[in-house]
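Accompanying notes for the structure given below.
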Amino acid sequence: MFFFRCNTRAYLRENFSLPIFFWCPVRLPLPGNLRSCPVRLPFPTLIDFMLEAWFHRALPTGGAIDITSLVVFLNGTTDAPHFLMELIQGGPSSLVVLLDLFPRRDLPVHPDYIDKYYGATSVDAHRINIEKIPQVRPYVSPSLLVRSLWSPTAVVVDIQCGEQGKEAALEEIVRGQLAHSAAELLHVWLNKCAGSVEEMEETEKEILVARDKMISTTSVKLNLSANLPKIFDKHVSDRVVAEIDKAFRGP
């Protein structure tokens, strides 16, 4: 996976060792082609749930698919966006990138939320800069629901660098603009979202938490349940989905 050969991997690990994060990793007993799938259980911090996973699978037709996911959900003491990053590499010179501060409010009803987390932080500049790269084109999810959940500043792109011998071009893009944008977006999230406590009525908080759980469990069903069986056998896929779904749902 090109992305984690770059400095961004070290950046992520260094920053997610900050004291505001306390977690208990639960590792699933899975076969070797599932490189890592720690499930982070909630402790008394702003972090409600954290999932980091690295999937690798050799394909029968040749080649391999690598999927890297980092998802951090905040709890009901704040309405600040969640952090989401997913990288899907289906070939040596192609990469699908999903990178977003995942909104937790219905944006047309809360324009101040847009101003606070997306306008004032200038995060849209990263989407603009990445989309200017010639090898980048939009990625369209087959799920209408998933498309409706992204923020207006989300980076949702498919990087295609061509046929054989183009791996160096992808490496350059990843080490350059993509690594820079991912690190900067994470920096914004750590400083503007991860420590942001909001005063909310109890009813408002309950609605926010219920919305989070609905979105997270729906995402598990739509994404993991649909895609994992393509990578692993049904027995392994069912175990992974069940454990992640359990952690998302909480007590």
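Some observations on this one:
- Evaluating HIS110 against the criteria (1) under 20 Å from LEU149 (Cα atoms); (2) of a type outside the set (Val, Ile, Thr); (3) buried (at least 17 other Cβ atoms within 10 Å of the Cβ) leaves one unmet condition, (3).
- Conditions (1) open to solvent by 80 Å² or more (accessible area, probe 1.4 Å); (2) among the β-branched types (Val, Ile, Thr); (3) in a strand (DSSP E or B): number failed by VAL96: (1)
- Residue satisfying all of: in the stretch 130-144; in contact with a helix residue (DSSP H, G or I) (Cβ under 7 Å, 6 or more places away or on another chain) and touching a residue at least 40 places away in the same chain (Cβ under 8 Å); farthest from SER181 (Cα to Cα) among these: SER143
- Set side by side, the residues ARG127, ARG104 differ, and just one is under 21 Å from LEU70 (Cβ atoms), touching a Leu at 6+ places or on another chain (Cβ under 7 Å) and crowded, with 18+ Cβ neighbours inside 10 Å, which is ARG104.
- Out of PRO142, PRO138, sole residue that is touching a strand residue (DSSP E or B) at 6+ places or on another chain (Cβ under 8 Å) and surrounded by fewer than 12 Cβ atoms within 10 Å (Cβ to Cβ): PRO138
- Checking every residue in the stretch 17-30 against the condition of being within 18 Å of the chain's Cα centre (by Cα), farther than 23 Å from ARG239 by Cα and either at pLDDT 75 or above or among the basic types (Lys, Arg) (or both) gives zero matches.
The values are calculated or read from the model by the stated rules, or taken from the named source; none is laboratory data. Just so it is clear, the structure is predicted and the values come from calculations on it, not from any experiment. We place every Cβ from the backbone using ideal geometry, glycine too, and count neighbours over all the protein chains shown. All accessible areas refer to the heavy atoms of the entire protein, side chains included, with ligands and DNA or RNA removed. Shrake-Rupley method; radii C 1.70, N 1.55, O 1.52, S 1.80 Å.
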